[in-house]
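The structure's right below; bear with me while I get my questions together.
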Amino acid sequence: MNKTHSLGLLTTILAIAASACSAPQTRAMAAADATVECNGGTVQSEADAARYAGCEAVVGDLRIMQSNLTDVSAFKSLRSVSGSLVVAQNKRLISLAGLKHVERAGSVEIRNNPMLAGYPGLLPELQQVDQTLVLRANRGLSAREVNDVLDRVEVRTEQVTINDATPRGRVN
């Protein structure tokens, strides 16, 4: 074997080894660290909700409004909403358990959901709301469930509305 052929063979072997190191495993690991982002929108049906399956962050507003949903299980991977998270006027909505991993939102408004109950806790991982927090006209939520949210969540602008139309500063 001549030197040129040996050098070519060695180059090929090194190229294969280098590509193996940066192949799918490495790319998969890098991809695993990336957050799956989805654009905001309005959800009124199961088909609308299905578009958010696997989303970890919503960029913009997420509005679940006037829907026929009984639960929001399609959002089980969601961790943050950069804009407003609005859950309003959902006559059949029983549970927000699918939103249990949401930690942060620009604002949160949960209103006029007559069947909504807080079991197993109303947004139990929510820690921070940048603007306003509104919890109003949700007959199925107990005072304890509402107070748990108020005790746990940091509202940056100190604007909280609970069962009335007048915003007030947060009471600690």
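Going by what's in this entry, would Ser84 be described as in contact with a Gly (Cβ under 7 Å, 6 or more places away or on another chain) and part of a strand (DSSP E or B)? Talk me through it step by step, then tell me what you get.
Values: in contact with a Gly (Cβ under 7 Å, 6 or more places away or on another chain): yes; part of a strand (DSSP E or B): yes.
Spelling it out, Ser84 is indeed in contact with a Gly (Cβ under 7 Å, 6 or more places away or on another chain) and part of a strand (DSSP E or B).
Asp71: surrounded by fewer than 23 Cβ atoms within 10 Å (Cβ to Cβ) and assigned to a strand (DSSP E or B), yes or no? Explain how you work it out, then say what you get.
Details: surrounded by fewer than 23 Cβ atoms within 10 Å (Cβ to Cβ): yes; assigned to a strand (DSSP E or B): no.
No.
When only residues in the stretch 86-133 that are β-branched (Val, Ile, Thr) and modelled with pLDDT of 95 or more count, which is farthest from Gln44 (Cα to Cα)?
Residue satisfying both the conditions and the ranking: Val129.
Can you spot a residue in the stretch 106-117 that is surrounded by 16 or more Cβ atoms within 10 Å (Cβ to Cβ), of a type in the set (Gly, Ala, Ser) and either within 21 Å of Ala50 (Cα to Cα) or not assigned by TED's automatic domain parsing to the domain that holds Cys55 (or both)? Talk me through it step by step, then tell me what you get.
Going through the stretch 106-117, the residues surrounded by 16 or more Cβ atoms within 10 Å (Cβ to Cβ) turn out to be 106-113, 116-117.
Add one more test, that the residue is of a type in the set (Gly, Ala, Ser), and what stays is 106-107, 117.
Within this subset, residues satisfying the condition of being either within 21 Å of Ala50 (Cα to Cα) or not assigned by TED's automatic domain parsing to the domain that holds Cys55 (or both) are none.
No, the stretch 106-117 contains no residue that is surrounded by 16 or more Cβ atoms within 10 Å (Cβ to Cβ), of a type in the set (Gly, Ala, Ser) and either within 21 Å of Ala50 (Cα to Cα) or not assigned by TED's automatic domain parsing to the domain that holds Cys55 (or both).
Taking the stretch 101-130, which residues are within 17 Å of Asn147 (Cα to Cα) and in contact with a Gly (Cβ under 8 Å, 6 or more places away or on another chain)?
Scanning the stretch 101-130 gives Leu116, Ala117, Gly118, Val129.
Quick check: is even one residue across the stretch 125-138 assigned to a loop (DSSP other than H, G, I, E, B), over 20 Å from the mean Cα position of the chain (by Cα) and surrounded by 18 or more Cβ atoms within 10 Å (Cβ to Cβ)?
Of the stretch 125-138, the ones assigned to a loop (DSSP other than H, G, I, E, B) are 125-127, 130-131, 137-138.
Going one step further and asking which of them are over 20 Å from the mean Cα position of the chain (by Cα), we end up with 137-138.
Restricting the remaining residues to those that are surrounded by 18 or more Cβ atoms within 10 Å (Cβ to Cβ) gives 138.
Yes: one or more hits.
The values are calculated or read from the model by the stated rules, or taken from the named source; none is laboratory data. Computed from a predicted model, the values in this text were never measured in an experiment. Cβ coordinates were reconstructed from backbone atoms using ideal geometry, including for glycine residues, and neighbour counts include every protein chain displayed.
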